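Taking it in order: structure first as structure tokens, then the write-up.
Derivation of every value follows stated rules applied to the coordinates shown; laboratory data play no part. Only a predicted model underlies this, so the values are computations on that prediction, with no experimental measurement involved.
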Amino acid sequence: MRVSRIFNGVDRVAVEWTILGQRYRLPTMSLMVVSMAAGVAVALLANAWIGLAATAVAAAATVAANWNLNRMDPDGALGETTQLALLWRAARNPYITNTGRR
């Protein structure tokens, strides 16, 4: 008998990068790459210093957002888009209770 595992019902496999203790998933890593590409585009169009500043600000905002997402779910059970949807819903309606009354 072979020793193997079969995982039924798996639609996709989550891709994660761990950089300096932070877990980056596809949405935040994509945002980081886009911020660096936008900084290079600004550097080519305007000035290298302005592009560097834009890249630094965008990357710092991405790292801060990723840090908050990692703090929200340390085990990584929720996806990043689910976490962002929960944060958006809580920001729009901060008085959520389980009683149904406000």
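Classify segment 16-71: rounded, prolate or oblate, from the alpha-carbon gyration tensor (a ≥ b ≥ c, eigenvalue square roots; a/c under 1.5 rounded; otherwise prolate if a/b is larger than b/c)? Cα axes put segment 16-71 in the prolate bin. For segment 25-35, 3J(HN,Hα) computed residue by residue from phi via the Karplus equation (6.51, -1.76, 1.60; θ = phi - 60°) reads 9, 4, x, 6, 5, 5, 5, 5, 5, 5, 5 Hz, glycine and proline entered as x.
Over the chain, the alpha carbon radius of gyration divided by the compact-protein estimate 2.2 N^0.38 Å works out to 1.50.
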